[in-house]
Amino acid sequence: MIAFQDLKLAYRNVFRNTRRSLVTIIAIMLSCAGLILFAGYVAWAFKSAEAQAVVIFSHLQLARPGFYEKGAGNPTAYAIDSYGQIKQLLQDDAVIGPKLQLVSAQTVFKGIVSYSAAHTSSTFVGLGVFPEDDWTLLHWNPYKLTSPLDLPVNKAVYGSAPELSSNDPEGATIGIGLANVLQVNPDAKVLDKQINASRPAPSPQQSDPDLAALSQEVTQEAATQTLRPTIELLCAPPGGGMPNAMTMSVRKIFNRPTKELDNQSVKLDIRRASELLFPGEELKVTSILVLLKQTADLPVVVARLRELIAGGKLDVDFRTWTELRPFYNQLTQMFRAMFTFMFCIIVVIVIFTIYNTLSTGIAERIPEIGTLRAMGVTRAGIRKTFLLEGMFLGLFGGLLGVLLAIAGELVVNSLGVVYVPPGGSFYTKLEVLVLRAPIILVVCFGGFLLAALFSAIFPAHRASRMIIVDALRH
Amino acid sequence: MSTETVASPVGASPLVVLKGVRKEYHLGKTIVVALREITLSIERGFFAAIAGPSGSGKTTLLNIIGCLDDPTAGKVFIAGQDVAEYSDNELSHFRAHKLGFIFQSFNLIPVLNVYENIEYPLRLNGTPRKNLKERTWELIEAVGLTAQSKQRPNQLSGGQRQRVAVARALVTRPDLVLADEPTANLDSETGEKVLHLMKQMRDRLGTTFLFSTHDTMMVGHADQHFTMRDGTLVQTKNGNGSAASSL
Ligand SMILES: Nc1ncnc2c1ncn2[C@@H]1O[C@H](COP(=O)(O)OP(=O)(O)O)[C@@H](O)[C@H]1O
Ligand SMILES: [Mg+2]
C-alpha cells in the first residue's frame with residue numbers, strides 16, 4: 001500500500017539533488033516529446049495517405065466478376081448496366097445503408113485521342129465520373145485534417161468548383177503530360193483568366209460559393225466554347241466493330257498522381273463516356289464506388305457485401321481501397337517499423353538514464369537506507385521508496401514531454417509546410433496529430449511511466465537487500 | 001525520584017539477555033573476532049552504558065542487541081523472546097514497535113523537517129492518525145525544539161540534531177533505546193546535555209537505555225556499566241545503588 005507519507009518522501013528525495021534530477025527529467029521530457037511528435041507525424045501521414053487514397057478510389061469498388069483479373073486490357077467488356085439497382089440495393093441495406101456517404105460510379109476505358117489543331121494524337125486512358133459525386137468524394141475529410149482543397153496552392157488548380165460540371169457535358173480535363181504530348185496549350189488558366197475578366201460580377205443574392213461558381217461557369221460556358229481546344233476521342237466498342245468517335249473540349253489541365261496516368265489521362269462526364277462506348281444504350285459503368293462515412297466501418301461493410309454476394313443478391317466482385325492502392329500498406333508498414341525502432345531505442349535510453357540517476361542517488365544514501373531499516377522499514381518498504389522515485393522521474397518527465405509535444409504540435413501546424421506527399425496527387429499541409437490522436441499521448445506517456453518503473457526495479461531491489469549494519473557503517 | 005523508576009519489579013525477567021554471544025567477520029581468509037562469548041543481562045528501566053576503546057566491539061554488540069545483525073554463536077533474548085526465531089519482516093516489525101535507535105552521526109532524514117522526522121516512526125508502526133500530532137508534539141516539547149519544528153536537519157546544530165534523534169527514538173514508546181556513541185560527534189558540554197536529556201527521558205518514560213561511549217567520563221551517568229576490550233566484557237558494574245544484574 002502506498003501512503004501519502006511515501007509519496008511525500010519519494011517526491012522530496014527526487015528533488016534532493018535538484019540538478020541531477022532536473023537533467024534526468026529534461027532528458028525524459030525531450031525523449032518523450034520527440035517520440036510523441038514523431039508518432040503524431042506518423043499518425044498524420046497514415047490519415048493523410050488514407051484520405052488521399054480514399055478521395056481517389058473511394059472505400060470500395062464493385063465491378064463485374066472477372067473485371068479485376070481480366071479487365072485491364074478491355075475494361076468496357078465488363079461494364080455494368082445495373083448501376084441504379086445496385087446503388088438502390090446498397091442504400092436500402094440495413095447494415096450498409098447507414099454507413100454510406102456516397103454511392104457513385106466510374107468508367108475506365110482506353111482509346112486514341114487526337115488534337116487536330118496541332119495534328120497530334122496519342123493513346124489515352126479515359127475516366128468517366130459523375131462530376132458532382134467526384135466533387136463530394138474529393139471533400140471526404142472525417143479526420144478534420146487541413147483539406148488540401150483549402151490550400152492556396154491547390155485552389156489555383158481546383159478553384160472552388162468541381163473539376164467537371166454536369167452543366168458542361170462537352171468539357172473534359174486532361175493530364176499535363178498528355179497536354180504536352182498533344183501540344184494542347186497547357187496554360188488553360190490564362191484562358192480562364194481572360195474569360196474571368198470579361199465576365200459580369202456574380203449576382204449578390206448567391207451566397208453559396210460553390211453555387212456561385214457553378215452559375216458563373218454556366219454563363220461562362222457559352223463564351224469559352226469557341227476558345228477551348230477541341231479534342232477527338234476514338235474508341236473501339238467492346239464487342240468489336242467500327243470505332244466510335246466523339247468531340248470534347250478541354251476545360252482544364254490537371255496534374256495526375258502518377259507519370260503514366262498524367263501522360264494518358266482524360267477525365268469526362270460518365271454519361272458522355274457511356275455514349276461514346278455504348279452508343280444508343282442505357283448508362284453503363286465499369287465500377288461502382290462506395291464511400292463510407294468512416295473507414296473503420298469497412299470490415300462490417302465488406303462482411304455484409306460478402307453475405308449479399310454469397311446469397312446471390314449481388315453479382316459483383318469488389319476491391320477495397322487498400323487493395324487498389326497497396327502503397328498505403330507499404331507506407332504504414334514502413335512507418336510502423338520506424339516508430340517501433342525509435343520507440344525501443346528511446347525507451348532503452350530512458351531506462352538507462354533513470355537507472356543511472358537512481359543508482360547514484362542510492363549510492364549516496366546508503367547510511368540513510370541503513371537508518372530506515374534500523375527504524376523498522378521493511379525490505380518492501382525500501383523497494384517501494386525507490387520505485388516511487390523512479391515513477392516520479394518518469395511522471396514529471398513524461399508530463400512535461402506531453403506538454404512540450406502539444407506545444408510542438410501547435411508550432412508545426414502553424415508553420416504551414418506544404419508539400420506533395422509520396423503517392424499523393426496534390427499539395428498537402430504537413431501536420432502532426434497530438435491532441436487529435438490522444439491515444440498517442442496515452443501510449444507514449446504510459447510507456448515512459450512503465451519504463452521509469454522498470455528502470456527502478458533493479459536499483460530498488462539492490463537497496464532493499466543491503467545488509468543493515470554495513471549500510472550503517474558506510 | 002530516579003530510584004523509583006529504576007527499580008525493577010521483583011521477579012520480572014531482565015529486558016535484554018545475551019548468552020555466549022560470539023561474532024566473527026570474515027575478511028577473505030582472515031577471521032576477525034569482534035565479540036567473544038559475551039554474556040550479560042540488562043534490567044528493565046536501566047540506564048546502561050558500554051565503555052571501551054575504539055574497535056573493542058561496542059557497535060557490534062549494540063547491533064546484535066538491536067536485531068540489526070545476528071551473532072555467529074550464542075543467544076539473544078529481548079523481553080524474553082529469542083530474536084533468532086524472527087524472519088526479516090518480523091524483525092522489522094519488532095524494531096518499529098519495541099526498539100529505538102540513536103546514532104553517532106544523528107542519521108536524521110534530510111528531506112524531512114524536525115516534526116516530520118519525529119513523526120516518521122509513528123507512521124511506520126501504524127499509529128492511528130488521530131494520535132500522531134499529539135504524540136509528536138509531546139516529544140518535540142520534551143526535547144525543547146518547539147521553535148525548530150519546521151526546520152530541516154541541515155539547519156540545526158549538532159546538539160539540536162541529536163535531540164531530534166532522541167525524540168525520534170522515543171516517540172513510539174519503545175522498550176529499549178540503543179544509542180551508539182551518541183555524544184562522539186558533540187563537544188563535551190553538548191554531549192553531557194544530550195546524555196542528561198536521555199536520562200531525564202528514562203526517568204519520565206521508564207524506557208530502558210543502552211548507550212556506548214569511548215569516553216569513560218560519560219559512564220558516570222549510568223545505573224549499570226560494562227567495559228569492553230578486544231571483544232570481551234572486562235568489567236560489569238552496577239552504580240547508583242540500583243539492583244545488580246545477576247552475572
Ligand atoms: N563489517 C566488518 N567486517 C570486518 N570487520 C569488522 C566489521 N565490522 C566491525 N569489524 C571489526 O570488529 C571489531 C569491532 O568493531 P566495532 O564493533 O565497530 O568496535 P567499536 O564500535 O567499539 O569501535 C573491530 O576490529 C572492527 O574492525
Ligand atoms: Mg563503534
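The values are calculated or read from the model by the stated rules, or taken from the named source; none is laboratory data. What you see is a predicted model; the values in this text were computed from it and never measured. Cβ sites come from the backbone with ideal geometry, for glycine too, and all protein chains shown count toward neighbours. For the accessible areas, the whole protein counts, side chains as well, though only heavy atoms, and no ligand, DNA or RNA atoms are used. Shrake-Rupley method; radii C 1.70, N 1.55, O 1.52, S 1.80 Å.
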Do the conditions hold for residue B:79, that is, is it away from ligand 2 (no atom under 16 Å from the Cβ), of a type outside the set (Ser, Thr, Tyr) and away from every other protein chain (no Cβ under 12 Å)?
yes
Out of all the residues in region A:438-459, is one or more surrounded by fewer than 17 Cβ atoms within 10 Å (Cβ to Cβ) and over 23 Å from residue A:344 (Cβ atoms)?
no
Could you go through region A:370-383 and let me know if any residue there is under 25 Å from residue A:23 (Cα atoms), modelled with pLDDT under 95 and within 14 Å of chain B (Cβ to nearest Cβ).
no
From the list B:108, B:156, B:124, pick out the single residue that is under 26 Å from residue A:14 (Cβ atoms) and more than 13 Å from every other protein chain (Cβ to nearest Cβ).
B:156
Of residues in region B:12-39 being open to solvent by 50 Å² or more (accessible area, probe 1.4 Å) and within 16 Å of ligand 2 (Cβ to nearest atom), the one nearest to the chain's Cα centre (by Cα)
B:25
Pick out the one residue from B:129, B:135 that is open to solvent by 50 Å² or more (accessible area, probe 1.4 Å) and in contact with an Asp or Glu (Cβ under 9 Å, 6 or more places away or on another chain).
B:135
Considering residues of region A:452-469 that are among the β-branched types (Val, Ile, Thr) and out of contact with any Gly (no Cβ under 7 Å at 6 or more places or on another chain) only, the residue farthest from residue A:27 (Cα to Cα)
A:469
Count of residues meeting criterion [open to solvent by 30 Å² or more (accessible area, probe 1.4 Å) and touching a residue at least 40 places away in the same chain (Cβ under 8 Å)] in region A:47-83
10
Within region A:230-246, residues closer than 13 Å to residue A:276 by Cβ and open to solvent by less than 60 Å² (accessible area, probe 1.4 Å) come out as A:231, A:233, A:235, A:237, A:238, A:244, A:245, A:246
Scan region B:144-163 and give yes if some residue there is closer than 23 Å to residue B:122 by Cβ, buried (at least 22 other Cβ atoms within 10 Å of the Cβ) and among the small types (Gly, Ala, Ser), otherwise no.
no
Between a residue in region A:337-356 that is farther than 18 Å from residue A:392 by Cα and open to solvent by less than 80 Å² (accessible area, probe 1.4 Å) and any residue that is small (Gly, Ala, Ser) and part of a helix (DSSP H, G or I), which pairs come within a Cβ distance under 8 Å, given they are 6 or more apart or on different chains?
A:339/A:39; A:343/A:447; A:346/A:31; A:346/A:34
In region B:29-71, anything without any contact (Cβ under 8 Å) to a residue 60 or more places away in the chain, away from chain A (no Cβ under 14 Å) and away from ligand 1 (no atom under 12 Å from the Cβ) is listed as B:29
It is to be established whether one or more residues within region B:112-119 are closer than 21 Å to residue A:468 by Cβ and either out of contact with any Gly (no Cβ under 9 Å at 6 or more places or on another chain) or open to solvent by 20 Å² or more (accessible area, probe 1.4 Å) (or both).
yes
Flagged in region A:447-473 as among the basic types (Lys, Arg) and either modelled with pLDDT of 95 or more or over 15 Å from residue A:364 (Cα atoms) (or both), in numbering order, are A:462, A:465
Hey, residue A:96 within 29 Å of residue A:135 (Cβ to Cβ) and either more than 14 Å from chain B (Cβ to nearest Cβ) or touching a Leu at 6+ places or on another chain (Cβ under 8 Å) (or both) or not
yes
Filter region A:283-328 down to residues that are closer than 15 Å to residue A:86 by Cα and of a type in the set (Asp, Glu) and give me whichever is least open to solvent (accessible area, probe 1.4 Å).
A:317
Residue B:197 passes all but one of (1) open to solvent by 10 Å² or more (accessible area, probe 1.4 Å); (2) within 16 Å of ligand 2 (Cβ to nearest atom); (3) on the phi < 0 side of the Ramachandran plot; which number fails?
(2)
Residue B:199 being in a helix (DSSP H, G or I), out of contact with any strand residue (DSSP E or B) (no Cβ under 9 Å at 6 or more places or on another chain) and more than 14 Å from chain A (Cβ to nearest Cβ)
no
Before we move on, is residue B:205 within 20 Å of residue B:122 (Cβ to Cβ) and out of contact with any Asp or Glu (no Cβ under 9 Å at 6 or more places or on another chain)?
yes
It is to be established whether one or more residues within region B:83-92 are without any contact (Cβ under 8 Å) to a residue 12 or more places away in the chain, buried (at least 16 other Cβ atoms within 10 Å of the Cβ), over 24 Å from residue B:143 (Cβ atoms) and facing chain A (nearest Cβ under 9 Å).
yes
Check residue B:178 against each of (1) open to solvent by 60 Å² or more (accessible area, probe 1.4 Å); (2) within 16 Å of ligand 2 (Cβ to nearest atom); (3) under 28 Å from residue A:6 (Cβ atoms) and name the one condition it does not meet.
(1)
Is there a residue being more than 28 Å from residue A:270 (Cβ to Cβ) and within 14 Å of chain B (Cβ to nearest Cβ) anywhere in region A:31-48?
no
Among (1) under 29 Å from residue B:227 (Cα atoms); (2) in a helix (DSSP H, G or I), the one test that residue B:137 misses:
(1)
Any chance you could count how many residues in region A:17-33 are hydrophobic (A, V, I, L, M, F, W, C) and open to solvent by less than 50 Å² (accessible area, probe 1.4 Å)?
6
